[in-house]
Amino acid sequence: MPVYTLPELPYDYSALAPVISPEIVELHHDKHHAAYVKGANDTLEQLAEARDKEQWASLNALEKNLAFHLSGHILHSIYWQNMTGPKDGGGEPLAADGVGGLADAIAESFGSFAGFKAQLTKAAATTQGSGWGVLAYEPVSGRLVVEQVYDHQGNVGQGATPLLVFDAWEHAFYLQYRNQKADFIDAMWAVVDWQDVARRHTAARERGDSLLLAPRAAEPPVRPAS
């Protein structure tokens, strides 16, 4: 049985227009995202076969494939949820909209919303080749960070939780924006669903710093009763 499945879109293909055309949404979700799901499942089967036969010659390639396809599946699953129609999305997170905790965290981590927006925009727009711009919660410091992700899994801080992801692969925009990736990233801000990003931020904070667990304190020796 497949371990991973393609999630349904939370809206119809036309919901993000005119920022993202219905044709792009359909191809992106039904073809590209589906290919990452299939790739992850196929790689798990190949790894199981390698274990059964104790044949490890292809292990390095299979481990890389699993990281690539699984990360692609996860990032795309977040991507679809991060967006909403232009009438409901965009702007910036505000306390008046119930997302004040996220707004405060952005200001604390980046100095201002404008500074954060500029950094994430540049990170996504200048990713060399294929990749993503990502706002992530870094649990060791409790801060928000921007990551410039190559492919789906390269250049990522271990343990960071993605909260907001901008897909900068050509398949995300080329049919509509041609080679103007920066224009696509600028337009993406109009469909950001800050409610979704805030929920992810709250969930990440509640998990806390479980990465660097302190060793359990030694129990004092029990002295025999005199």
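Just checking: which of the helices (runs of 4 or more DSSP H) contained wholly in the range 5-104 hold 1 or more residues that are of a type in the set (G, A, S) and surrounded by fewer than 16 Cβ atoms within 10 Å (Cβ to Cβ)?
Working: elements: 22-27, 34-53, 59-81.
So the answer is 34-53, 59-81.
Suppose we filter A95, A125, A168, A187 for residues that are touching a helix residue (DSSP H, G or I) at 6+ places or on another chain (Cβ under 7 Å), touching a residue at least 60 places away in the same chain (Cβ under 8 Å) and of a type in the set (A, V, I, L, M); which single one remains? Result of the check over A95, A125, A168, A187: A125.
Identify all residues within the range 25-40 that are more than 26 Å from K64 (Cα to Cα) and either of a type in the set (S, T, N, Q) or under 19 Å from the mean Cα position of the chain (by Cα) (or both); write none if there are none.
Residues of the range 25-40 that are more than 26 Å from K64 (Cα to Cα), as a first pass: 25-26.
Matches in the range 25-40: V25 only.
Since every read-out is calculated from the coordinates, none of them should be taken as a lab result. The structure displayed is predicted, hence computed values, not measured ones. Note that each Cβ is placed from the backbone with ideal geometry, even for glycine, and that neighbours are counted across all protein chains shown.
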